[in-house]
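Computed from the coordinates by the stated procedures, all read-outs in this text should not be read as laboratory data. Keep in mind that this is a model prediction, so the values were computed, not measured. When we count neighbours, we look across all protein chains shown, and the Cβ atoms used for this are built from the backbone with ideal geometry, even at glycine.
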Amino acid sequence: MVMVAVSGREDDHHPTLNSLQMKIVAAFASLVLAASSVLAIDCEPYNGSPTGIILPTAGTNVTAGVPFDFAFCSDAYFKTSTRQIQIGFEQSNGNLHLLAYDVRLAGYEQKLTFQNGQFGTGRLVVYETQNGYYNRYNFGKSSVQLQLKRK
């Protein structure tokens with residue numbers, strides 16, 4: 001519970017907020033709204049939920065320099081688990097631009113931003129390293145096609 005101090009005269013039954021307190025309340029409200037906009041993807045591959053790159057969806061137009069929602073759900077289950085993922089953009093000419101590396105579970109839902117020098121049709125790719133069931137490591141790749149536009 002958050003308590004907000006209010007100022008007013010002692011005999012005033014309707015206290016008022018001063019300018020600084022109003023700014024603090026407004027800032028707090030903004031933070032609450034921002035926190036509530038964090039993605040909440042249900043990732044349960046053993047219950048049939050979609051796996052791979054969930055957001056952005058294939059065909060999405062993304063603008064360089066503008067953050068976009070990213071969500072990934074691993075297909076690891078039972079005695080396997082994801083160790084980490086790398087996130088990149090693979091251009092049609094084969095060049096790969098790394099967006100995030102050594103991403104742990106807490107980063108599977110986040111905002112990502114392309115650099116201004118990157119543009120064109122390509123694929124957002126996730127390279128996933130998993131602990132294997134019969135072997136030490138498994139390596140997987142997921143991708144979706146995107147259109148990356150200049151800002």
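Tabulated data for the structure shown
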{"item": "Mean Cβ neighbour count within 10 Å, used as a protection proxy, ranking 54-65, 120-131 highest first", "result": "120-131, 54-65"}
{"item": "Share of alpha-carbon pairs per 10 Å distance bin for the stretch 45-149, given as whole %", "result": "15, 48, 28, 9, 0"}
{"item": "Dimensions (Å) - the stretch 87-151, Cα atoms, principal axes, largest first", "result": "45, 26, 15"}
{"item": "Local electrostatic count, Gly132, Cβ distance below 11 Å [Lys/Arg +1, Asp/Glu -1]", "result": "+3"}
{"item": "Relative packing of 136-148, 80-92, which averages over residues the other C-beta atoms within 10 Å, highest first", "result": "80-92, 136-148"}
{"item": "Segment Arg104-Gln91, extension gain: residue separation times 0.36 nm, minus the distance between their alpha carbons", "result": "2.2 nm"}
{"item": "Computed lengthening from Glu44 to Thr113, 0.36 nm per intervening residue step minus Cα-Cα distance", "result": "22.2 nm"}
{"item": "Local net charge near Tyr108, Cβ-Cβ under 14 Å (Lys/Arg +1, Asp/Glu -1)", "result": "-4"}
